[in-house]
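The structure under discussion appears below in the form of structure tokens.
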Amino acid sequence: MGTLVRLFSPPPTTLCTNKFFLSPTIPSISSPRHNTTSSTKKHQYYRTQSSKFGNFLDLKPETTQPESLDFDLSWWDPKSDRPHFDVIIIGTGPAGLRLAEQVSRYGIKVCCVDPSPLSVWPNNYGVWVDEFESLKLEDCFDKTWPMACVYLDENKTKYLDRPYGRVSRKKLKTKLMEGCVSNGVKFHEAKVWKIEHQEFESFIMCDDGNELKASLIVDASGFASNFIEYDKKRNHGYQIAHGILAEVEEHPFDLDKMVLMDWRDTHLGNEPYLRVKNSRFPTFLYAMPFDSNLVFLEETSLVSRPVLSYKEVKSRMVARLRHLGIRVKRVLEDEKCLIPMGGPLPKLPQSLMAIGGTSGVVHPSTGYMVARSMALAPVLADAIAECLGSTRMIRGQPLYHRAWNGLWPIQRRCTREFYSFGMETLLKLDLDGTRRFFDAFFNLDPYQWQGFLSSRLSLQELLLLSLSLFGRASNMSRFDIVTKCPVPLAKMVGKLAIETI
């Protein structure tokens with residue numbers, strides 16, 4: 001019998017579940033009224049209510065508590081309901097609810113345990129529109145843009161003909177909840193603090209004193225969880241970002257384009273210390289303009305090891321907004337985001353299953369995860385149903401093996417090693433090298449760069465992508481690849497050899 005004891009305590013920062021790109025739900029904002037006050041009073045208003053020019057740090061966010069859904073859930077009643085289920089899912093984030101919805105379609109008894117099942121997720125999600133369309137989730141957007149753009153420097157901009165969308169947290173959670181309720185999923189409002197495994201079933205102990213058991217426990221509680229076991233050194237890279245949803249006097253962005261990445265650094269011309277550090281560990285601006293006065297702005301370190309400090313990221317963002325002439329009037333939401341990227345997969349197999357941030361499905365090179373979790377949940381559900389939905393009731397180690405192998409078959413493990421190689425390459429590039437890399441990357445055939453960002457290329461297709469990327473790269477970029485990639489390449493080849501033996 002094995003026992004895991006973990007106390008869930010809030011991490012020092014928000015751990016996002018899909019950050020390469022964020023996108024918050026927009027609170028209602030009253031339209032600016034015509035100002036009929038004197039110029040003196042008007043000047044006084046902006047001096048006291050608006051931020052300093054380009055500096056938003058002195059403004060407090062107006063939205064601090066997540067919204068709660070008005071939804072009639074089927075609650076587990078410890079007085080009248082049996083405490084035994086086929087599957088218990090810890091966490092009601094996107095991955096957990098999607099898995100609960102899919103598994104319960106097979107008639108499998110599922111219970112979701114979460115401290116606040118009805119709260120709208122505080123994390124923010126943005127995806128490529130075609131990804132959600134393929135999952136029949138196209139009705140879960142709040143806003144879409146017909147194209148995206150990437151500013152490489154002051155003189156070169158890439159325009160990407162691929163629509164991008166801001167996910168409505170409320171719409172997506174409501175849709176997943178509706179599926180769960182219609183399939184008979186039970187919910188329990190509590191925090192899990194202990195997991196105990198026996199030969200054919202596992203137990204969870206909750207902070208309210210209740211104990212539930214199931215044939216399979218799935219951890220979908222996100223990056224902050226420590227329940228999942230690892231048998232290799234966790235050498236993650238880290239993506240860190242600071243973002244705000246802000247009402248501004250004006251901004252320079254086109255309303256029909258979202259800014260995927262802005263690598264320009266002219267805003268640091270008067271900040272020599274920041275510019276020197278940014279040249280080695282670059283950050284970019286991500287922006288989603290909703291209208292002429294409402295925009296989501298985020299300064300992001302794509303990946304670093306060790307992680308950049310929030311102070312550094314915010315200082316660069318202040319300088320950038322000042323340079324762009326963006327005066328922030330109100331901060332409606334802010335978000336601090338830290339995402340572990342790459343590193344080893346969890347121990348395979350183990351008695352505790354995982355989905356979402358705890359399972360290793362985050363894209364090692366970009367931080368994408370939500371659309372991928374939505375796509376993989378049905379795959380994992382099928383593997384679980386083959387065991388628990390059959391008359392044979394396969395449980396214990398055979399169940400754990402099939403579940404983990406369903407999520408991470410050999411082909412998917414190999415492609416993940418390749419994406420991790422991409423992360424290790426990015427870690428070695430400075431600002432100029434990063435610009436050269438993305439210049440070549442977005443010159444690839446759309447099938448290749450879109451497939452790479454969406455984790456849908458086979459290993460053979462990834463190898464062809466690498467050859468094509470090298471062929472399209474500038475001489476300096478080729479020099480970067482030749483001089484900086486041999487060690488990561490050798491490590492990837494070694495890991496691929498181990499995986500295929």
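Among the numbered criteria (1) under 24 Å from the mean Cα position of the chain (by Cα); (2) charged (D, E, K, R); (3) modelled with pLDDT under 95, which one does Glu271 miss?
Exception for Glu271: condition (1).
Of everything in the stretch 86-110, what is among the hydrophobic types (A, V, I, L, M, F, W, C) and either surrounded by fewer than 24 Cβ atoms within 10 Å (Cβ to Cβ) or outside any strand (DSSP E or B) (or both)? Give them in sequence order. Give the derivation first.
Start the filter on the stretch 86-110 by keeping residues that are among the hydrophobic types (A, V, I, L, M, F, W, C), which leaves 87-90, 95, 97, 99-100, 103, 108, 110.
Across the stretch 86-110, the qualifying residues are Ala95, Leu97, Leu99, Ala100, Val103, Ile108.
Looking at the stretch 416-441, which of its residues are touching a Lys or Arg at 6+ places or on another chain (Cβ under 9 Å) and among the polar types (S, T, N, Q)?
Correct list: Ser420, Thr425.
Would you check which residues across the stretch 468-498 are among the charged types (D, E, K, R) and open to solvent by 50 Å² or more (accessible area, probe 1.4 Å) and list them?
Selection gives Arg472, Arg478, Lys484, Lys491, Lys495.
Identify, from the list Leu465, Leu459, Leu429, the residue that is crowded, with 20+ Cβ neighbours inside 10 Å, under 25 Å from the mean Cα position of the chain (by Cα) and over 24 Å from Val129 (Cα atoms).
It is Leu429.
Please verify whether Trp128 is of a type outside the set (D, E, K, R) and closer than 23 Å to Gly209 by Cβ, treating the condition exactly as stated.
When the stated conditions are applied, Trp128 does not pass them.
Return yes or no: is Asn226 open to solvent by 20 Å² or more (accessible area, probe 1.4 Å) and under 20 Å from the mean Cα position of the chain (by Cα)?
When the stated conditions are applied, Asn226 passes them.
Suppose we filter the stretch 421-449 for residues that are touching an Asp or Glu at 6+ places or on another chain (Cβ under 8 Å) and assigned to a helix (DSSP H, G or I); how many remain?
Total satisfying the criteria: 7.
Quickly run through the stretch 56-85 and pick out the residues that are in a strand (DSSP E or B), within 22 Å of Ser119 (Cβ to Cβ) and touching an Asp or Glu at 6+ places or on another chain (Cβ under 9 Å).
Scanning the stretch 56-85 gives a single hit, Trp75.
Residue-by-condition table, conditions (1) modelled with pLDDT of 95 or more; (2) within 20 Å of Met492 (Cβ to Cβ); (3) among the β-branched types (Val, Ile, Thr):
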| position | (1), (2), (3) |
| --- | --- |
| Met393 | no, no, no |
| Glu424 | no, yes, no |
| Asp430 | yes, no, no |
| Phe441 | yes, yes, no |
| Leu457 | yes, yes, no |
| Leu464 | yes, yes, no |
| Leu467 | no, yes, no |
| Ala473 | no, yes, no |
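Given the structure, is Ile244 in contact with a Ser or Thr (Cβ under 7 Å, 6 or more places away or on another chain), in contact (Cβ under 8 Å) with a residue 40 or more places away in the chain and among the aliphatic types (A, V, I, L, M)?
no
The conditions are (1) in a helix (DSSP H, G or I); (2) over 28 Å from Leu135 (Cα atoms); (3) open to solvent by 10 Å² or more (accessible area, probe 1.4 Å), and Gln411 fails exactly one of them. Which is it?
Checking Gln411 against (1) in a helix (DSSP H, G or I); (2) over 28 Å from Leu135 (Cα atoms); (3) open to solvent by 10 Å² or more (accessible area, probe 1.4 Å), the one that fails is (2).
Of Leu172, Leu176, Leu152, which residue is open to solvent by less than 10 Å² (accessible area, probe 1.4 Å) and either in contact with a Cys (Cβ under 7 Å, 6 or more places away or on another chain) or without any contact (Cβ under 8 Å) to a residue 40 or more places away in the chain (or both)?
Answer to the selection: Leu172.
The values are calculated or read from the model by the stated rules, or taken from the named source; none is laboratory data. It should be emphasised that the depicted structure is a prediction, and the values quoted were computed from it without experimental measurement. Virtual Cβ from ideal backbone geometry, glycine too; neighbours counted across all protein chains shown. Just so you know, the surface numbers come from the protein's heavy atoms only, side chains and all, with ligands and any DNA or RNA stripped out. Shrake-Rupley method; radii C 1.70, N 1.55, O 1.52, S 1.80 Å.
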